[in-house]
Amino acid sequence: MSCFGGDPNFCPECGNILPLPGAQDCVVCRRCGFAIPVRDFADQVIKSSVVFNPLEESTVAAESSEDSELKGPITDRRCSRCSKEGMVYHTRQMRSADEGQTVFFTCIHCRYQEKEDS
C-alpha cells in the first residue's frame, strides 16, 4: 500500500524524487527500490524556465549600494581616524566555516572602514 501519491515525479512508497525516465523499462527509486514502468510516464510533459531580473533593477541596486555601508546597527565604538563615536557594523564569513566571522566597522561621520577578526 502506497503512503504517498498524487505527483508522479515522486516515489509513491517513500516520497523520494524519482530519476528521469531513461532507456530502461522501469524507473527505480534510488532510496527504496520501488519500480514504476516507463509507460506510466508516457503522457507527461516536463517544462522548465529561467527568469532573469530586469537590467533596470540591477543598475538601481548598484547605484544605491553607495549608502548601503552606512545601513545596519550602530555601536558606541570610537573611530580610530576621526575619534568620534558611532560606527555601523556588519559581519561576513571570510574564512572557513569552522572559524569566526570578520566584523567590519564603518564610521558614520568620516566613512573610515576597519575590520576585526574574531
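The values are calculated or read from the model by the stated rules, or taken from the named source; none is laboratory data. Owing to the predicted nature of the structure, the values given are computational and were not obtained by experimental measurement. Ligands, DNA and RNA are excluded from the accessible area calculation, which covers all protein heavy atoms including side chains. Shrake-Rupley method; radii C 1.70, N 1.55, O 1.52, S 1.80 Å.
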Selection count, region 66-118, where residues are among the acidic types (Asp, Glu) and in a loop (DSSP other than H, G, I, E, B): 4
Residue count, region 48-77 (criterion: open to solvent by less than 70 Å² (accessible area, probe 1.4 Å), of a type in the set (A, V, I, L, M) and modelled with pLDDT of 70 or more): 1
